[in-house]
Amino acid sequence: MTIETCFPLAIYYEDLSDAPQHQQSLIDAVLELEQAGAERRNYPEMAWTGDLHGVEQIHTNPQFAWIVAQVERHTAIYLLELGVDLTKVDLYIQRAWPIVSRTEQEIGAHCHNTAHISAVYYIKVPAEGTYDPGRLVFFNDARVNEVSPGLGSENTDIVDADNYLNQLYSAHIPVEGRLIMFPAKQRHAVTMNETEELRLSLSFDIVLTATATAAGEYEFLTPPPSQWQKFRL
Ligand SMILES: [Fe+2]
């Protein structure tokens, strides 16, 4: 018997070799921004996320120049691996923000609907011991092997042999200094930080558009923002 699998989800990661040199300055910058951010807007059991608190443009902040350069470089490598012709597209960081997760805080399931690629960088991760530092979980919403829709859902759940052909999610343990990238439309969450330590990360939303010269050729590629016209109402 042979079972062939196809259509894999491509999750890219790289452990950045010069991460230790930049760790402390990034920790200081993030905690400072958290302090200066807007009044808390989400529930206390949710991690503090800069995108909800007016701290969503760290890509323009010189304190983050090193990691921004890393994101740009590795996004290009990721896209080349996916077979994208980089001469036809421009890449933008649309939004970027810090995340501070304290004890028993998590991030609920979501997609980055306004972006194309999402990147996460782990500045500081609690040491893995008895307690979970909070994992990045990707959900298998496509469920291509669920032959009867709903078979594996909570209300039915008659799949009694969990294996890689019916897995509903994959969980990634955070690693300090790791940059991870995935399609922004992939639904994901971060499980609870069960440790007593801080867990600090950065999130980047990246967008692809056509270049100015390629703009008139591709129907399904967003034209470059330089060609947009704002309403003059
Ligand atoms: Fe996210």
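Take the Cα of Glu45, go 7 Å toward its beta carbon, and the backbone nitrogen atoms of the stretch 101-119 under 12 Å from that spot belong to 104-108. In the frame of its principal axes, the stretch 112-233 has Cα extents of 55, 43, 29 Å, reported largest first.
Scoring 89-98, 71-80, 105-114 by mean Cβ neighbours within 10 Å over their residues and listing the highest first yields 89-98, 71-80, 105-114. About its Cα centre, the stretch 12-210 has a charge dipole of approximately 540 debye under the convention of +1 per Lys or Arg Cβ and -1 per Asp or Glu Cβ, with nothing else charged. For the stretch 1-135, the Cα-based Rg and Dmax, in that order, read 17.2, 60 Å.
Averaging 1/r across all pairs of distinct Cα atoms in the chain and inverting the result yields a Kirkwood radius of 19.6 Å. Extension gain for Phe220 to Met1 (0.36 nm times residue separation, less C-alpha to C-alpha distance): 74.8 nm.
The numbers here are math on the coordinates, done by the rules we state, and not lab data. These numbers come from a predicted model, not from an experiment. Glycine gets a Cβ as well: all are built from the backbone with ideal geometry, and neighbour counts include every protein chain shown.
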